[in-house]
Ligand code: HEM
């Protein structure tokens, strides 16, 4: 257990103090989720064929209950990793952590956060079903808005064809290794404390058992990206200038990287701005999740 909560801290600091007093920290939970995702991913890779991604997963789902559970654990540990990392970032930003590490380390941590998102999206694309192909198309389209480098980047990140060995390689090796190496440098350890393993593994197993990830059957007219990208899908639906969306994303990333360079007052304002963007994005995400149906038509969640 960590230090008891401080009576004079702000609401957020108090919340995180209490959390860390009774539960493993967001960083520990992220590390455990990372390892569960890596171990289950390696096991899953034994039955996965990137050339026939959809078929190999369908065979797994139809004929192998253990493999289906394993796939569910991989899926859910990935989702928990994203959620715990976001939780950890909010916690660290709320106590000015950007000034407690070197500027180089802060830059690397920011890059690893972007890389984690890429690992998540590339995993979603790997499924090779209608939703995965849509996600690939969206990512390909966003990279395609960049001047000069778009063709090289599209090939280097996504490779040729719909689901290729290149994106599989980036998911399982490049992206995972970047997150691992920077994560170890940042957290200064390889393994999380034992309680985090217990929480992450048991929640992933329970979630995988009750809500196993499926595949889009190509019959349903509702095709959506991964839940954390639904806000972006909503924004892209509203604009005919996707390049502006790419520029806005780059600005938010640069703002994060620049935090330790800004005078304290500006950095506090920048964090308030980023919190506002985060909340607005969450609202768009809820709209995309609950109120959008086939062809992005408005529907009632009930
Ligand atoms: C940080 C580490 C990792 C994270 C966060 C992660 C996350 C994910 C996610 C979210 C999916 C999509 C699952 C779905 O929507 O059904 C996925 C798919 C996949 N991942 Fe990973 N993964 C990681 C590492 C690995 C590694 C190291 C391997 C293999 C060596 C791997 C192999 C696969 C395979 C084969 C799929 C496609 C099968 C499927 O859709 O279930 N992953 N991953």
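Values computed for the structure shown
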{"quantity": "Close pairs (7 angstrom Cβ cut-off, 6 or more residues apart or separate chains): at pLDDT 85 or above in region 6-22, assigned to a helix (DSSP H, G or I) anywhere", "calculated": "12/94; 13/94; 16/91; 16/94"}
{"quantity": "Residue in region 142-152 that is more than 9 Å from the ligand (Cβ to nearest atom), surrounded by fewer than 14 Cβ atoms within 10 Å (Cβ to Cβ) and part of a helix (DSSP H, G or I) present", "calculated": "yes"}
{"quantity": "Odd one out for residue 178 among (1) more than 15 Å from the ligand (Cβ to nearest atom); (2) in contact (Cβ under 8 Å) with a residue 40 or more places away in the chain", "calculated": "(1)"}
{"quantity": "Candidate set from region 159-175 (those that are part of a helix (DSSP H, G or I) and in contact (Cβ under 8 Å) with a residue 24 or more places away in the chain); member that is farthest from residue 34 (Cα to Cα)", "calculated": "165"}
{"quantity": "Condition check for residue 121: under 18 Å from the mean Cα position of the chain (by Cα), over 22 Å from residue 184 (Cα atoms), modelled with pLDDT of 95 or more and assigned to a helix (DSSP H, G or I)", "calculated": "yes"}
{"quantity": "Matching residues in region 201-221 - criterion: being surrounded by 14 or more Cβ atoms within 10 Å (Cβ to Cβ) and away from the ligand (no atom under 12 Å from the Cβ)", "calculated": "201, 203, 205, 207"}
{"quantity": "Sole exception among (1) in contact with a helix residue (DSSP H, G or I) (Cβ under 7 Å, 6 or more places away or on another chain); (2) part of a helix (DSSP H, G or I); (3) near the ligand (Cβ under 9 Å from one of its atoms) for residue 79, by number", "calculated": "(1)"}
{"quantity": "Hey, residue 212 over 27 Å from residue 244 (Cα atoms) and either part of a helix (DSSP H, G or I) or under 15 Å from the mean Cα position of the chain (by Cα) (or both) or not", "calculated": "no"}
{"quantity": "Meets criteria (buried (at least 16 other Cβ atoms within 10 Å of the Cβ) and part of a helix (DSSP H, G or I)) for residue 243", "calculated": "no"}
{"quantity": "Test result for residue 37, within 24 Å of the chain's Cα centre (by Cα) and surrounded by 15 or more Cβ atoms within 10 Å (Cβ to Cβ)", "calculated": "yes"}
{"quantity": "Check on residue 90, surrounded by fewer than 20 Cβ atoms within 10 Å (Cβ to Cβ), more than 30 Å from residue 293 (Cα to Cα) and away from the ligand (no atom under 12 Å from the Cβ)", "calculated": "yes"}
{"quantity": "Hey, residue 132 under 18 Å from residue 225 (Cβ atoms), modelled with pLDDT of 95 or more and loosely packed, with under 15 Cβ neighbours inside 10 Å or not", "calculated": "no"}
{"quantity": "Residue count for region 181-196, restricted to those that are within 16 Å of the ligand (Cβ to nearest atom), farther than 16 Å from residue 110 by Cα and in contact (Cβ under 8 Å) with a residue 40 or more places away in the chain", "calculated": "3"}
{"quantity": "Residue count for region 36-67, restricted to those that are more than 10 Å from the ligand (Cβ to nearest atom) and either touching a residue at least 60 places away in the same chain (Cβ under 8 Å) or in a helix (DSSP H, G or I) (or both)", "calculated": "9"}
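The values are calculated or read from the model by the stated rules, or taken from the named source; none is laboratory data. Keep in mind the model is a prediction, meaning the values are calculated, not measured. Neighbour counts are summed over all protein chains in view; Cβ atoms, including those assigned to glycine, are modelled from backbone coordinates with ideal geometry.
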